[in-house]
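All remarks here apply to the structure that follows.
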Protein chains: 2
Amino acid sequence: MSAIKAVVLLSGGLDSATVLALARQRGRACYALSFDYGQRHRVELAAAARVAQQWGAIEHRTVSIGLGGFGGSALTDPSIGVPEHGTTGIPITYVPARNTVFLALALGWAEVLGAREIHIGVNAVDYSGYPDCRPEFIAAFAQMANLATKAGIEGESFQIVTPLMALSKAGIIRAGIAQGVDFAATVSCYQADAEGRACRVCDSCRLRRAGFAEAGVADPTRYQA
Amino acid sequence: MSAIKAVVLLSGGLDSATVLALARQRGRACYALSFDYGQRHRVELAAAARVAQQWGAIEHRTVSIGLGGFGGSALTDPSIGVPEHGTTGIPITYVPARNTVFLALALGWAEVLGAREIHIGVNAVDYSGYPDCRPEFIAAFAQMANLATKAGIEGESFQIVTPLMALSKAGIIRAGIAQGVDFAATVSCYQADAEGRACRVCDSCRLRRAGFAEAGVADPTRYQA
């Protein structure tokens, strides 16, 4: 019997590396998908390539999308600064409809590949307050996907697999370490430098550092001086 | 009071030109959105630019997406021929998850613009049998959109406006003519030549020709010799 195929969204960060490791552990044949959407931390794409290779993804594609041209987010608009202190509410690093766009493209590739699983590292616990990381969004996307596609109307249903949904950041780190994920190879920072070294102060860095501390694991992240 | 903003998906074909005209007639401030997704009939993008200008779109953006790299469709894979006779079932011109991807990107732009309407020329009558043109898909997308976005969770709901859903192709043509749409400026053909002249025989040409005939309107389409 051939392995079940899965499209795995791979940003190059800590969360998606763990998702890929968990999918491989469950025996999935993984097709890793990354996006170049004009993000300022594009160095994460090199990290994604390393992680895809480390975990034996059958294929790794990076799709370019002109999301940056829309503006409205500190992650894609160079004129908006990345916040370096906690904020309340939905932060300016929110990229409008990002996960909707990413999952939509994953769905297209999955349909072509004959994959019926899409794995994504969203998390509703230690997250940045983005609406498109919540379980109700994921459920609504899956429902839509089954109406959107040829496979869906032919009765095969798509599953959006979210193994990190209920984990804390420390829990994700423990899960990754249990699989042997090399977190030093990952880049989470919103404003990493060209060598992938993290700023230590953005939302994403703060969540990640607190996670390592809480998990009681030495933080392998390479930081800027 | 300022006009209600709408993102209008504009392919450059007959249907979306009519949608834009109807939106303008209803007083919407229109932001036209086209996609360069590796489609073989990329000449439709020049038609989209003409139509956007004719109808006073405030802005017209063309977003590039690497959808073609996935393959699996005669519209994006040069090695698959465009069928020139009717088929049963979902045809090979179906691009996996295309409308999901297009609507997702429209949603992102709408959120940045503060637009709460997305207009799309899908049609469930004289259509090509694509699953992502049906009303149940559109309803599921709208539901997902309201869970996906900052605006949605803040209580503003997105509307996916589908003025052509219940019209026949002849009905669409009549509606467009009533608004003064210049159909000669539009390109529907899946394999139009570089000057935008239509092949006359693909699915899209056949539906369009039959529509003009049924509407009793002279067909202004420029055909290849």
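The values are calculated or read from the model by the stated rules, or taken from the named source; none is laboratory data. All of these numbers come straight from a predicted model, not from anything done at the bench. Here the Cβ is made from the backbone with ideal geometry for all residues, glycine too, and neighbour counts use every protein chain on show.
Selection of first residues in the range A:174-186 that are of a type outside the set (Ser, Thr, Tyr) and of second residues that are surrounded by fewer than 19 Cβ atoms within 10 Å (Cβ to Cβ) and part of a loop (DSSP other than H, G, I, E, B), restricted to Cβ pairs under 6 Å at least 6 apart or on distinct chains, gives the following pairs, ordered by first then second residue: A:183/A:220; A:184/A:220. The single condition among (1) at pLDDT below 95; (2) in a strand (DSSP E or B) that residue A:191 does not meet is (2). Residues of the range A:195-216 that are within 21 Å of residue A:54 (Cα to Cα) and either among the acidic types (Asp, Glu) or more than 18 Å from the chain's Cα centre (by Cα) (or both): A:195, A:197.
In the set (1) modelled with pLDDT of 95 or more; (2) not in a helix (DSSP H, G or I), the condition left unmet by residue A:139 is number (2). Applying the criterion of being assigned to a loop (DSSP other than H, G, I, E, B) and closer than 16 Å to residue A:140 by Cα to the residues of the range B:142-180, the residue that is farthest from the other protein chains (Cβ to nearest Cβ) is B:157. Under the condition of being outside any helix (DSSP H, G or I) and touching a helix residue (DSSP H, G or I) at 6+ places or on another chain (Cβ under 7 Å), which residue from the range A:10-33 is surrounded by the most Cβ atoms within 10 Å (Cβ to Cβ)? Per the stated criteria, the residue is A:10.
Filter the range A:34-78 down to the residues that are assigned to a helix (DSSP H, G or I), modelled with pLDDT under 80 and surrounded by 21 or more Cβ atoms within 10 Å (Cβ to Cβ) and list them by number. If the condition is that a residue be assigned to a helix (DSSP H, G or I), modelled with pLDDT under 80 and surrounded by 21 or more Cβ atoms within 10 Å (Cβ to Cβ), then A:67, A:70 are the ones that fit. Out of B:178, B:185, B:215, B:148, one residue alone is at negative phi and surrounded by 21 or more Cβ atoms within 10 Å (Cβ to Cβ). It is B:148.
Does residue B:81 fit the bill of being at pLDDT below 95, at positive phi, more than 9 Å from chain A (Cβ to nearest Cβ) and part of a loop (DSSP other than H, G, I, E, B)? Steps first, answer last, please.
Details: at pLDDT below 95: yes; at positive phi: no; more than 9 Å from chain A (Cβ to nearest Cβ): yes; part of a loop (DSSP other than H, G, I, E, B): yes.
No.
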